[in-house]
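Take a look at the structure below.
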Amino acid sequence: MKFVLASNNQGKLLEMREILSEIGVEVISQREAGISVEPEENGTTFEENSIIKARASCEASGLPAIADDSGLVVCALGGEPGVYSARYGGDGLSDTDRYTLLLKNMEGKTDRSAKFVSCISCVFPNGDVITAEGECPGEILHAPKGDGGFGYDPVFFVKSLGKSMGEMSHEEKNSVSHRGNAIRAFYPKLRDYLKKL
């Protein structure tokens with residue numbers, strides 16, 4: 001069965017292909033499906049935004065569509081940047097600009113606890129929706145460490161591995177990441193749904 005990923009991000013595509021191929025699901029990018037949709041992500045939760053993206057790709061392609069929405073939730077900042085993680089501080093900022101702004105906003109804060117959250121949604125042409133969420137707990141460092149990953153990875157420290165996400169190998173990051181955890185939660189739900197078809 002063919003599914004479209006509501007993204008052209010090669011990293012996400014490879015991750016989904018790797019895991020979902022085990023249940024006979026072929027995942028293609030929007031580009032491969034011949035569509036180009038960028039709906040307005042105006043949801044107030046990661047789940048709402050992931051459903052908005054999946055629904056738009058499903059309607060444009062006629063195929064079941066998978067999307068994820070993820071971000072960083074910082075306790076001392078009242079949950080910011082949250083669903084606005086990719087747009088934190090406004091348009092035109094680089095990843096480095098965004099985490100530098102985050103570090104500035106964290107100055108003087110003693111509670112450094114934070115979590116990455118990812119919600120994966122799948123929307124089918126018949127209107128059915130499957131969702132799953134994953135989290136990765138950690139804390140915000142005082143300065144970046146490592147130059148791997150992307151986004152806030154260099155300032156996000158994971159205690160269980162004793163390093164920032166920016167210092168982790170691809171395998172290490174997948175073992176603890178919010179997206180990895182969301183995919184692991186999503187997989188059995190999708191498998192069970194497909195069995196009923």
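The values are calculated or read from the model by the stated rules, or taken from the named source; none is laboratory data. All values derive from a computational prediction rather than experimental measurement. All Cβ positions, even for glycine, are placed from backbone atoms using ideal geometry, and neighbour counts span all protein chains on display. Surface areas here come from the heavy atoms of the whole protein model, side chains and all, with no ligands, DNA or RNA. Shrake-Rupley method; radii C 1.70, N 1.55, O 1.52, S 1.80 Å.
Just a few scattered comments:
- Entirely in the stretch 85-197, the helices (runs of 4 or more DSSP H) that have 1 or more residues that are among the polar types (S, T, N, Q) and under 27 Å from residue 65 (Cβ atoms): 170-176, 178-196
- Residues (free of Cβ contacts under 8 Å to residues at least 40 places away in the same chain and either of a type in the set (S, T, N, Q) or out of contact with any Pro (no Cβ under 7 Å at 6 or more places or on another chain) (or both)) located in the stretch 166-196: 167, 168, 169, 170, 171, 172, 173, 175, 188, 192, 195, 196
- Subset of the stretch 23-58 (residues that are among the acidic types (Asp, Glu) and in contact (Cβ under 8 Å) with a residue 40 or more places away in the chain): 41, 47
- Those residues of the stretch 112-147 which are closer than 30 Å to residue 97 by Cα, open to solvent by 20 Å² or more (accessible area, probe 1.4 Å) and not aliphatic (A, V, I, L, M), in sequence order: 112, 113, 115, 133, 135, 137, 139, 142, 144, 145, 146, 147
- Test: residue in the stretch 65-73 that is closer than 30 Å to residue 159 by Cβ, touching a residue at least 60 places away in the same chain (Cβ under 8 Å) and assigned to a helix (DSSP H, G or I): no
- Residue count, the stretch 84-111 (criterion: in contact with a Ser or Thr (Cβ under 9 Å, 6 or more places away or on another chain) and open to solvent by less than 20 Å² (accessible area, probe 1.4 Å)): 1
- Filtered residue count, the stretch 65-79, keeping only those that are surrounded by fewer than 24 Cβ atoms within 10 Å (Cβ to Cβ), under 17 Å from residue 110 (Cβ atoms) and in contact with a strand residue (DSSP E or B) (Cβ under 6 Å, 6 or more places away or on another chain): 1
- Residues located in the stretch 165-197, provided they are of a type in the set (S, T, N, Q) and buried (at least 22 other Cβ atoms within 10 Å of the Cβ): 177
- Flag if residue 76 is at pLDDT below 95, over 26 Å from residue 193 (Cβ atoms) and of a type in the set (Gly, Ala, Ser): no
- Each residue in the stretch 120-161 was checked for being within 14 Å of the chain's Cα centre (by Cα) and aromatic (Phe, Trp, Tyr), and 2 pass.
- Among the residues making up the stretch 164-197, those that are more than 23 Å from residue 26 (Cα to Cα) and of a type in the set (A, V, I, L, M) are 165, 168, 176.
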